[in-house]
1. Give the residues of segment B:503-523 that are part of a loop (DSSP other than H, G, I, E, B) and either under 23 Å from the mean Cα position of the chain (by Cα) or at the interface with chain A (Cβ under 7 Å from one of its Cβ atoms) (or both), sorted by residue number.
2. Among the numbered criteria (1) in contact with a helix residue (DSSP H, G or I) (Cβ under 7 Å, 6 or more places away or on another chain); (2) touching a residue at least 24 places away in the same chain (Cβ under 8 Å); (3) surrounded by 21 or more Cβ atoms within 10 Å (Cβ to Cβ), which single criterion is violated by residue A:354?
3. For the subset of segment B:106-126 comprising residues that are assigned to a loop (DSSP other than H, G, I, E, B) and of a type in the set (Ser, Thr, Tyr), which member is nearest to the chain's Cα centre (by Cα)?
4. Scan segment A:234-267 for residues that are of a type in the set (D, E, K, R) and either under 25 Å from residue A:219 (Cβ atoms) or in a loop (DSSP other than H, G, I, E, B) (or both) and jot them down.
5. Within segment A:395-412, count every residue that is among the aliphatic types (A, V, I, L, M) and surrounded by fewer than 21 Cβ atoms within 10 Å (Cβ to Cβ).
6. List the helices (runs of 4 or more DSSP H) inside segment A:327-426, counting only whole elements, that have at least 2 residues being out of contact with any Cys (no Cβ under 6 Å at 6 or more places or on another chain) and within 28 Å of residue A:471 (Cα to Cα).
7. Among residues belonging to segment A:268-311 that are facing chain B (nearest Cβ under 7 Å) and among the hydrophobic types (A, V, I, L, M, F, W, C), point out the one that is nearest to residue A:179 (Cα to Cα).
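The values are calculated or read from the model by the stated rules, or taken from the named source; none is laboratory data. Fair warning: this is a prediction, and the values are worked out from it, not measured in the lab. Using ideal geometry, Cβ is built from the backbone for each residue, glycine included, and neighbour counts are taken over all protein chains shown.
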Amino acid sequence: LSHLRASVGTLYLSATHSIFVEDNPETRKETWVLHSMVNSVEMPSNSPAGSQLILRCKDFRVLQILIPQERDCLDIHASLVRLSRPGVFKYSELYCLSFNPNVNKEEREESWSFIDLMSDYRRMGVPNNLWVMTAANSEYRVCDTYPSELFVPKSAAPTIITGSSRFRSRGRFPVLSYFHQDTLAAVCRCSQPLSGFSGRCQEDEMMLQAVMRSNPGSDFIYVVDTRPKLNAMANRAAGKGYENEDHYTNIKLQFIGIENIHVMRSSQQKIIDVGEMRSPSMTDFLWGLENSGWLKHIKAILDAGVFIARAVADEGISVLVHCSDGWDRTTQACSVASLLLDPYYRTIRGLMVLIEKDWISFGHKFSHRYAHLDGDPKEVSPVMDQFLECVWQLSEQFPCAFEFNERFLLTIHTHVYSCQYGTFLGNSQRERKELRLPERTHSVWSQLWKDRVDFRNPLFKADLSQSQRVLRPNTTPYCFKMWKGLYSHIDKSMPPCQSPADFLSAMREESQQLEEEIAALTGRPIVWEKTEVLKRRTTHLQQRHLGPDPPTSYIQPITGHGQAVALKQANQMALNKEPNLYLPTECHSKLKDHDPDDCSTCSDRESGVADLRSRSSSGGDYAKDPDWE
Amino acid sequence: MEFAELIKTPRVDGVVLHRPFMPTVEGTLCLTGHHLILSSRQDNTEELWLLHSNIDSIEKRFVGSLGSIIVKCKDLRVIQLDIPGMEECLNIASSIEALSTLDSVSLMYPFFYRPMFEVIEDGWNSFLPEDAFKDLESMTDEWRLSEVNKDFSVCPSYPALVAVPKDVNDDTLRKVATFRHSGRFPILSYYHKKNGMVMMRAGQPLTGTNGRRCKEDEKLINATLRPGKRGYIIDTRTINVAQQAKARGGGFESEANYPQWRRIHKAIERANILQESLIKLVEACNDQSHSMDRWLSKLEASNWQTHVKEILTTACLAAQCIDREGASVLVHGTDGTDSTLQVTSLAQIILDPACRTIRGFQSLVEREWLQAGHPFQQRCAQSAYSNSKPRQEAPVFLLFLDCVWQILRQFPCSFEFSESLLVLLFEHAYASQFGTFLGNSAAERTKLSLPEKTVSLWSWVNRPQELERLTNPLYEANSLVIWPSVAPQSLLLWEGVFLRWNRSSKCLDEAYEEMVHIIEYNKELQNKVNSLRRQLAQELQKER
């Protein structure tokens, strides 16, 4: 609590949220925390001022709450523990089943058809005379974790498909993930072959041959095994493994070295700890960053994507990607490659389509990986977090290439964990069908589309992505940064930084209004009301003044004389004076409740800005309305 | 001495130039007294003009009869020249070596450079101490401009005119000067208009092991305190280092003799450690084969970011004492010419919006670095690639610029200038056609007659076309104090300098252009709307 700002207010518990309302009559700032976003509730030993609760959220926010009465605290603790942990395999307790955003049945159904994968396949030019849709997996007969609609090489007969599927982990046979129209090369995905040390399967060999033949003019394909070679070899002892280059004609095997989900889970815990460090030294921080290994893993995933994209776009060679089961690392590698290859996936709608295709439809195990239910903790792993971070790292290198901003990525991240919408629930298409999610829950995509104004990157240049279709990122280590937006919440106790992006967005919006006004003025209808519009929008622009708020104490490291002690005492006094409930400001809610009525008060970003707006110096030139009236 | 003596081979044909992220150029290499020039025969290719003084070190490599010279520049750029012919290559290499290490200041390029542009305002007269004092006089009458140092005899590293408390006479100043390192008696650095508090700077007091005191020194700094108020002395050294300084005749202000002052020790490192840090950092940045682990551990081991954090933290502390505690501050380290200046100048950027304008920043550099006697010539003689043993070299000014960049990045709308100005100052501090950064003090500059014999960098900068390039399109005056975050997560590697030559800037440039475009377009629309409205209003009036 020491160096974070605290505030006093009232805590409410509802069936779905914890709501904290500040007493400060001017702001009445509200912080909403969805119970399903709570990762853990801790109750450390009591302090003299009352009992403490520490809420750790799945989006890595940490809330500390000080409650004067111990009894109250115990009650709240017990309730929160129960509310944030649905029983094993009880989907029915999940928030999305009770979440009702006030839309009618038609709108809900529409929300589910907002993203249409078939039209994306058509967009990339399949089916065609090389790739066709197969009915092999209708009713999930061949592979229960694949979708029912799949694209395979035209020359792959049903017997080859079923034969190949028997030779692959979980029956995940090679299928099309992305078709590159410019070169006719394709990105395909599957799981590892059940080869052991010497096993082979004629149908599988024919299947790979068919993949190669679907790319006319090429005489080999790359098989990208995204695992470290050692892991892949170890799998052979278990009757699995990787393709033997002697058995398959015309393949080139490439290992990438992305670590498994267990390594990633512990790595992420370490980088979260780095983000939570209280006033670390530069050495602590950089050492922690290195020790976590996190950026190394992000780089490995991006490198996998770059390898695939290069093979497809520059060499015109098709790539078959797999790892062990083909639903984690394979998904990451394929989706990053698609993002590099195709500008469409760098738009707001395109990213939704990409996630729907490579992640949701191909059976990435969302419910297991993001602990929607109280399941096996060994199944949990930040696979999607890493993908979103890869996108963010790319957007830092290519500021004009993405239609969406960081906020969009963070919002998707939140909803992967929140269980507020049915989109990310379940582990496969089949499971979602059985749960009848489209009938019982809402899809997040149409909601995000409605809010798209918030997610727009003002620097996006659509024409640029036409001329520069394939992104070629630099993956030298110094090009990677810690994703502060996700992992560093400490810093939010500092005054929020001025955001040029928000400022430019506001300016873009203003320009649009000005264009309208010019049209109106030259067309000469009544113009008096327009002037008011001008005044109102100046408040948007003032965001860039975000000046200073209270200085943090820069003097912590001093030993000896005076000052630090004095300030600490002041903090302590403030603590003692206010008996109620403390909340560090870092925890203002990122969660936006989508009930439109509530939105106005609880959306945090604006509130952080709002109280500064009142302090900022002047409106600047933009406030100067022509004073001819 | 004639430069021609040093140039063994003035011209070689068929030389190939390699630069990262740029196509190779083949052409003719020429050496002149001050430049290395490579130009291709084609009309449209860019020529390379490199000042010899910008060359930090060179390496030679031979494959058969093809020689290569790798030229490492003080601005951190590395280029390679392939020169056909062993003898030519050796000649060129030894010529460059001789020309880039000329000892005499008067042979430097600024003395030969004639401006190719129209000087609108002579930069040598743009920021005179007497003008700065006029601004101060308009705010307070508690200070006076003393001429005690007019012949630079009291303090060789101070300018001729310094601001001191009104009630302290020149005799007292002379006495105090004997008690402070290099005669650097406490003088005014900054006056905080908001509450009348001041920041002063000085050299360390020469207390020595037996605790010498100087009543006049106590009187001088106490004269800046309001009745009943306390001040802070910020010693940029750790208490241990300050203790050790006593053995060499230095020291710090004891509580007993300065009861109205609280002393705070910080840990800004000394020159040679900073230089080592720069060399390690640049080495890490230039090796692209590093794995992630190796890169992060090398970045950490260089300690550069630690220095940035420590300097910024100290500056924030000084600013906090003045603005939040309402106390006056005295800053010093050992000499008062390095860490002291980093702290006093950064504190002003935090506190004073004027220092965040283009002109105000120039004025700050002039006041707090050039006139304050930062020994530029010694500190910037060599950069990160030097093979020779460092003597006085240290990236003190570069660290200051890095810290300014960190604040600018956190408050991208509060600075009138963009990163380009900081990069420009870095380049010119190390090698320049202008005389501004020559010499180590005002006294030396006067002796060299720089204002008469050379052109000022400010004359170049303060022209419309150059100003436009340096202006931050996002700027909007912010009259407030800005408090930067000094958390490690908030401090980034300054890519614009350290990765400048190691990556393509194409996409970032595009983003910048797009940003400018959005803002320009908006302005255009604003103007159009306003004129349309005015037109409409006139018409309405006519109708009435």
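1. Of the residues in segment B:503-523, the ones part of a loop (DSSP other than H, G, I, E, B) are B:503-505.
If the condition is that a residue be part of a loop (DSSP other than H, G, I, E, B) and either under 23 Å from the mean Cα position of the chain (by Cα) or at the interface with chain A (Cβ under 7 Å from one of its Cβ atoms) (or both), then B:503 is the only one that fits.
2. The number of the failed condition is (2).
3. Initial filter on segment B:106-126 (assigned to a loop (DSSP other than H, G, I, E, B)): B:108, B:112-122, B:126.
With of a type in the set (Ser, Thr, Tyr) added as a condition, the list becomes B:113, B:126.
On the way: B:113: 22, B:126: 18 Å.
Out of the qualifying residues, it is B:126.
4. So in segment A:234-267, the residues of a type in the set (D, E, K, R) come out as A:236, A:240, A:243, A:245-246, A:252, A:259, A:265.
Correct list: A:240, A:243, A:245, A:246, A:252, A:259.
5. Applying the first criterion (among the aliphatic types (A, V, I, L, M)) to segment A:395-412 yields A:401, A:409-410, A:412.
Narrowing the set further to residues that are surrounded by fewer than 21 Cβ atoms within 10 Å (Cβ to Cβ) leaves A:410.
Of the residues in that region, 1 qualify.
6. Numbers: elements: A:329-341, A:348-354, A:366-369, A:383-397, A:406-418.
Of the helices (runs of 4 or more DSSP H) lying wholly inside segment A:327-426, those with at least 2 residues that are out of contact with any Cys (no Cβ under 6 Å at 6 or more places or on another chain) and within 28 Å of residue A:471 (Cα to Cα) span A:329-341, A:348-354, A:383-397, A:406-418.
7. By that ranking, first place goes to A:295.
Every residue, every condition in (1) within 28 Å of residue B:497 (Cβ to Cβ); (2) assigned by the TED database to the domain that holds residue B:283; (3) buried (at least 19 other Cβ atoms within 10 Å of the Cβ); (4) of a type outside the set (S, T, N, Q), yes or no:
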| residue | (1), (2), (3), (4) |
| --- | --- |
| B:33 | no, no, no, yes |
| B:36 | yes, no, yes, yes |
| B:67 | no, no, yes, yes |
| B:71 | yes, no, yes, yes |
| B:74 | yes, no, yes, yes |
| B:81 | yes, no, yes, yes |
| B:87 | no, no, no, yes |
| B:108 | yes, no, yes, yes |
| B:113 | yes, no, no, yes |
